[in-house]
Structures are given as C-alpha cells and as structure tokens.
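Notes follow the structure.
The numbers here are math on the coordinates, done by the rules we state, and not lab data. Only a predicted model underlies this, so the values are computations on that prediction, with no experimental measurement involved. Cβ placement follows ideal geometry from the backbone for every residue including glycine, while neighbour counts extend to all protein chains displayed.
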Amino acid sequence: MAIQIPTRLLDGAVLAFLKHEDLYGYALTQNVQKVFDISESTIYPVLRRLKKNNYLTTHDEPFQGRNRRYYHITEDGLALLATIQDEWQDFNNKVDQVLGEEND
C-alpha cells in the first residue's frame, strides 16, 4: 500500500489492539503488521509516547529468564481511542463522498 498510515491512526490501531488484551511490544508489532505495512521499529516510539501521555501503563512479567514488558490501556487511553474512532468515521465518510461509488 502506497499510502502511509498517519500517526493518529497508528495510535488508534495500537490502542484498539490493547483494548482487547495486554500485549508485549513484539506481539503488538506482529498484530499491527498483519494489517499495516510497518517496520518492527515503528511501534516502540508510539508505545513510549502513549505511555508518557498516560494512555498506557506497563508491567513486566518473567518469560524464559527475561522480562517482557506488557502494555495496558488506561481510561484516558480508552477515551482517546473513542475520539480517534469518531475522527476516523468522519474522515472516512468524507473520503467516501469524494472517492466513493456515488460519484460514478
């Protein structure tokens, strides 16, 4: 896909995955990569920023002698996700008006 995913939508994708379950960074990256063509290094700056802004919290769990850092969506994160979903619906409706079939 030639269209790059905007930061706001990437934030929404990360929050949407975390709404369903806590995930560690690599698992989250794998989930997002199933939908969007992103590099492995793309998600970690997003996670750091979302955590810094209190949209996520973290907790570590041991796994095979190492710790995995799991990310958990906060109430503020859920509110941000709802806002992004509303913004996306509005934007999507406008794009459909311009590029949709009704313009044939």
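If you compute Rg/Rh (Cα atoms, Kirkwood Rh) for the structure shown, which of (1) 1.12; (2) 0.99; (3) 1.06 do you land on?
(3)
May I ask you to derive the relative contact order of the chain, considering only C-alpha pairs under 8 Å and at least 6 residues apart, and to give it as an integer percent? Please report the intermediate quantities before stating the final value.
Values: 92 pairs, mean separation 30.2, N = 104.
Averaging sequence separation for qualifying contacts and normalising by length gives 29 percent for the chain.
State the answer as a single residue: which of I73, G12, V98 lies farthest towards the positive end of the charge dipole of the chain, with beta carbon charges of +1 for Lys and Arg and -1 for Asp and Glu, about the Cα centre.
I73
Given charges of +1 on the Cβ of Lys and Arg and -1 on the Cβ of Asp and Glu, with all other atoms neutral, how large is the dipole of the chain about its Cα centre, in debye to the nearest 20?
760 debye
Would you mind counting up the charge near Y71? Only other residues with Cβ under 13 Å from its Cβ, with Lys and Arg at +1 and Asp and Glu at -1.
Working: positive: K19, R48, R49, K51, K52, R68, R69; negative: D11, E21, D22, D60, E61.
Once positives and negatives cancel, what remains is +2.
Ranking D86, D22 by Cβ neighbours within 10 Å, fewest first, what do you get? Display every interim value, and only then the final one.
Numbers: D86 10, D22 16.
Ordered from fewest to most neighbouring Cβ atoms within 10 Å, D86, D22 come out as D86, D22.
When the helices in the chain are scored as -39500 (n - 2.57) per DSSP H run of 4 or longer and the sum is shared across all residues, what 222 nm value do you end up with, to the nearest 500 deg cm²/dmol? Display every interim value, and only then the final one.
Numbers: 4 runs with 58 residues, N = 104.
Helix-only estimate at 222 nm: -18000 deg cm²/dmol.
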